[in-house]
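Structure first, commentary second.
The values are calculated or read from the model by the stated rules, or taken from the named source; none is laboratory data. As the structure is a computational prediction, the values presented were derived from the model and not from experiment. Here the Cβ positions follow ideal geometry from the backbone for every residue, glycine too, while neighbour counts run over all protein chains shown.
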Amino acid sequence: MIVCAGMPRCGTTLMFGALAGLSLGGATPKDYQGDVTKTHSFRPHRFAEASKAIFMFGDPIASIISTKKNRMTPGHFRNCGAGDLDPATTDIFSQDVLNYEKMFDNWMRRQSFDLICVRYEALYENAHVIASFFDDRYLYLKPKQPRTTATQDVSRRELETIRATYGNLARKVEAAPDVTIYRAAR
């Protein structure tokens, strides 16, 4: 089993499709039956049986804004370990209820399986490294598109709140290399 994990809105669905060999417009993670699993879980130990995994991370400010704009659903909250919260009444700008920092901290280290961690913003420049990590598996990457979410999508006050809430995570993400490979702890 290959695990495709990541912070929400940081390319996990794109990478899932690439690893699963899905053509453009192919199956979604929900209806795919194969050896690749997609997750936003902050608990990598749940996937101890994996042979390899990829963890996608990226700019948490853009990710949070995109989540608010596109993924405020009960299913998405469940996938992030916050299934007990109501998306309609939960403020993800002022509190990290979707566990973004836990995801980053828990995945960005050695696991019981081989792991490659990749910055979403550097994905295409490192596609060859990812393919090599997965034994030269062909990656069906869709053509690169610019991120459509921007800080202009929120008010100045909301942006200040997001930066205050996710500032520590933003510093960690900024300091992380674009690609890190961890070999399994054996």
### Task
Report yes if A122 is touching a strand residue (DSSP E or B) at 6+ places or on another chain (Cβ under 8 Å), over 24 Å from H45 (Cβ atoms) and aliphatic (A, V, I, L, M), otherwise no.
yes
### Message
Please go through the stretch 83-120 and give me each residue that is among the aliphatic types (A, V, I, L, M), surrounded by 19 or more Cβ atoms within 10 Å (Cβ to Cβ) and farther than 16 Å from A170 by Cβ, ordered by number.
### Response
L115, I116, V118
#### Entry: Residues of the stretch 46-79 satisfying the condition of being of a type in the set (S, T, Y), closer than 18 Å to F16 by Cα and assigned to a loop (DSSP other than H, G, I, E, B)
S51
#### Entry: Subset of the stretch 168-186 (residues that are of a type in the set (G, A, S) and modelled with pLDDT of 95 or more)
A170, A175, A176
### Task
Could you figure out which of (1) at pLDDT below 95; (2) within 28 Å of T73 (Cα to Cα) isn't true of T165?
(1)
### Message
Every residue in the stretch 1-34 that is closer than 18 Å to D135 by Cα, assigned to a loop (DSSP other than H, G, I, E, B) and modelled with pLDDT of 85 or more, please.
### Response
M1
### Query
Among the residues of the stretch 32-82, how many are surrounded by fewer than 15 Cβ atoms within 10 Å (Cβ to Cβ), more than 22 Å from I92 (Cα to Cα) and of a type in the set (G, A, S)?
3
### Query
So, of the residues in the stretch 38-94 that are at pLDDT below 95 and acidic (D, E), which turns out to be nearest to the chain's Cα centre (by Cα)?
D59
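May I ask you to verify whether I130 is crowded, with 18+ Cβ neighbours inside 10 Å and either under 19 Å from R43 (Cβ atoms) or over 19 Å from the mean Cα position of the chain (by Cα) (or both)?
When the stated conditions are applied, I130 does not pass them.
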